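Engineer: Dropping a structure here in structure tokens format, bear with me for questions.
The values are calculated or read from the model by the stated rules, or taken from the named source; none is laboratory data. Since the structure is predicted, the reported quantities are computational estimates derived from the model, not experimental observations. Surface accessibility is based on the protein's heavy atoms, side chains included, excluding ligands, DNA and RNA. Shrake-Rupley method; radii C 1.70, N 1.55, O 1.52, S 1.80 Å.
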Amino acid sequence: MEFSINQIARDEVPGLLELIRDLARFEKLEHEVEATVDRLSASLFGANPVAGALIGRVDGELASYALYFFTFSSFIGRPGIWLEDLYVRPAFRRQGLGRAMIEAVARIGAERNCGRFEWTARNWNKNALDFYRKLGAQMMDEWVLVRMNAEGLRRIASRKV
């Protein structure tokens, strides 16, 4: 198996969306996908890109993606890199592609002098959690992910102080 990992090109965004939908189906979250080719293109290639993406191919076939963005830590006073998604299609798993994708994102973070590399994983995905532990990642059990959807964000933003 020969694979390649490259920064996404604009014409690959429809394939990225296909992979995102594959991940959502795997995680039983397909109903939450609101992304479109236009939204992803604007986020990745607009005037002020807010994220980056890597595409993995095996013998030219679309096999995986990693979507990332940069964060900031007040405690360490440096940027961090957040891995929003890592997905490898089932037919291409357990062949080193997932590890290579994480290493590629880590190199981007190292080049930007990031002080942290963080991501979340579903608590039921034992294979992923075991894989991350083998990489040396720490599980942050004392933290709780907090989220507000767009409606909640607008509601809070509209409150007058």
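Engineer: Name the lysines eligible as straight-distance cross-link partners of LYS126: C-alpha to C-alpha under 18 Å, and not fewer than 8 places from it in the same chain.
Structural biologist: Reachable lysines: LYS28, LYS134.
Engineer: How much of SER74 can a 1.4 Å solvent probe reach, expressed as accessible area in Å² and rounded to 10?
Structural biologist: Here the residue's solvent-accessible area equals roughly 90 Å².
Engineer: More than 24 Å apart: what percent of Cα pairs in segment 1-111 qualify?
Structural biologist: 25 percent
Engineer: If I stretch the segment between VAL37 and GLU151 completely, what's the gain in nm (0.36 nm per residue apart, minus their alpha carbon distance), one decimal?
Structural biologist: Value of the extension gain: 38.8 nm.
Engineer: I've got another one for you. In 5 Å bins starting at zero, report the fraction of Cα pairs in segment 38-161 per bin as a rounded %.
Structural biologist: Distribution as computed: 2, 9, 15, 19, 20, 17, 10, 5, 2, 1, 0, 0 percent.
Engineer: Now, a different point. Counting just the Cα atoms, what span does segment 81-125 cover along each of its three principal axes? Round to the nearest Å and put the largest first.
Structural biologist: Here the spans come out as 34, 23, 11 Å, largest first.
Engineer: Which shape class, rounded, prolate or oblate, goes with segment 1-63 when its Cα gyration tensor gives a ≥ b ≥ c as root eigenvalues, a/c under 1.5 marks rounded, and past that a/b bigger than b/c marks prolate?
Structural biologist: Oblate is the answer for segment 1-63, as a/c is 1.5 or above yet b/c matches or exceeds a/b.
Engineer: Sort PHE72, PHE131 by heavy-atom solvent-accessible area, probe 1.4 angstrom, most to least.
Structural biologist: Result, largest first: PHE72, PHE131.
Engineer: Something else about it: Calculate, in nm to one decimal, what ASN48 and ALA9 gain on full extension: separation in residues at 0.36 nm each, minus their alpha carbon distance.
Structural biologist: Value of the extension gain: 12.4 nm.
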